[in-house]
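The block underneath contains the structure these notes are about, expressed in structure tokens.
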Amino acid sequence: AGLFGCALLTTATAASAQERIAPDSVYRVSPVMGQNTDSVLFGQMWKRDHLLAKRDRSLITIAALIASGKSDQLSGHIARGLDNGLKPAEIGEAINQLAYYSGWPNAVSAAEVANRVFEQRGIAPVQNSAGARVTLDPKAEAARQRTVAETTAPFAPGLAEFTNSALFGDLWRRPDLAPRDRSLVTVAALIAMGQPEQLSFHLNYAMDNGLTREQAGEGGTHPALYPGFPRANF
């Protein structure tokens, strides 16, 4: 299973001891799924704080749901993300990031859901950042530009131009979401969409952006319980 392999999670021996998170509808239709929601998903995966904080897990979950078009579950996880310490501007920047990586339709739908959550909580409209742009690692940027010049520019010069200007010349330099968070969002999106071709680059880029190898691996493990294990096992 490579970097994303993870040991099979075991269910709790006493479901009654777990915090009840799964809705009654799940317990009525599939009580074992209700128990696993409480004991495995939230009782184990969400509690692996030694690898990624709950704030990071919320960011990954929001990204995976947006990228896979699963907006029905999005409002609850945006609310959970706010409770876990995500700032409204960070959620907005994650949605903007995903417009490029999972497409504008998914991002527009996510923005509509986020807007409803923000309005319910009395959160003011997010303002466009006026902060200084982030400086990307020069060595990593030089290597990336060489790769684009060698692999993309020869057959799609327009795509190469947008990759260098809009994607890495602007998007990855915006200050309201740290580069390591953009990497978490992007890796989660690629897994959720079942697109492993860019994962090798973005996992290396994630470590250039400050994630440890263990954190990058956990960023690939967490989505196993959202888009599913097959997509998390590359």
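The values are calculated or read from the model by the stated rules, or taken from the named source; none is laboratory data. Because the structure is predicted, anything quoted here is derived from the model rather than measured. As a convention, Cβ positions derive from the backbone with ideal geometry for all residues, glycine included, and neighbour counts pool all protein chains shown. Surface areas here come from the heavy atoms of the whole protein model, side chains and all, with no ligands, DNA or RNA. Shrake-Rupley method; radii C 1.70, N 1.55, O 1.52, S 1.80 Å.
Just a few scattered comments:
- Averaged per residue, the chain has 50 square angstrom of accessible surface, using a 1.4 angstrom probe with ligands and nucleic acids left out.
- For the stretch 198-212, the Karplus equation 6.51 cos²θ - 1.76 cosθ + 1.60, evaluated at θ = phi - 60°, returns couplings of 9, 5, 4, 4, 6, 5, 5, 5, 4, 6, 4, 8, x, 6, 6 Hz by residue, with Gly and Pro reported as x.
- Remark: the stretch 100-109, residue by residue, has Karplus-estimated 3J(HN,Hα) of 7, 9, 10, x, 4, x, 4, 5, 5, 4 Hz, where x stands for each Gly or Pro and the curve is 6.51 cos²θ - 1.76 cosθ + 1.60 at θ = phi - 60°.
- Comparing 205, 101, 27 in a Gaussian network model of the chain, where Cα atoms under 10 Å apart are tied by springs, the biggest mean-square fluctuation is seen for 27.
- Divide the volume of the convex hull around the Cα atoms of the stretch 99-154 by the residue count and you get 128 Å³ per residue.
- Spread of Cα-to-Cα distances over 5 Å intervals beginning at zero, given as percent, for the stretch 14-92: 3, 15, 21, 23, 21, 12, 4, 1
- The convex hull of the Cα atoms of the stretch 111-234, projected and averaged over all directions, covers 9.5 nm².
- What a 1.4 Å probe finds exposed on the chain is 53% carbon and sulfur by accessible area, rounded to a whole percent.
- Pairs of Lys residues in the chain are counted when their Cα atoms are under 22 angstrom apart and they lie 8 or more places apart or on different chains; the count is 4.
- Across the stretch 127-143, computed HN-Hα scalar couplings (Karplus, 6.51 cos²θ - 1.76 cosθ + 1.60, θ = phi - 60°) run 9, 5, 5, 10, x, 5, 5, 6, 8, 7, 4, x, 5, 5, 5, 4, 5 Hz from first to last residue, x flagging Gly and Pro.
- Shape metrics for the chain, restricted to C-alpha atoms - Rg then Dmax, Å: 18.4, 60
- Cβ-based net charge around residue 91, under 15 Å, with every Lys or Arg adding one and every Asp or Glu removing one: +1
- The stretch 51-152, relative contact order in percent, only Cα pairs under 8 angstrom and at least six apart counted: 25 percent
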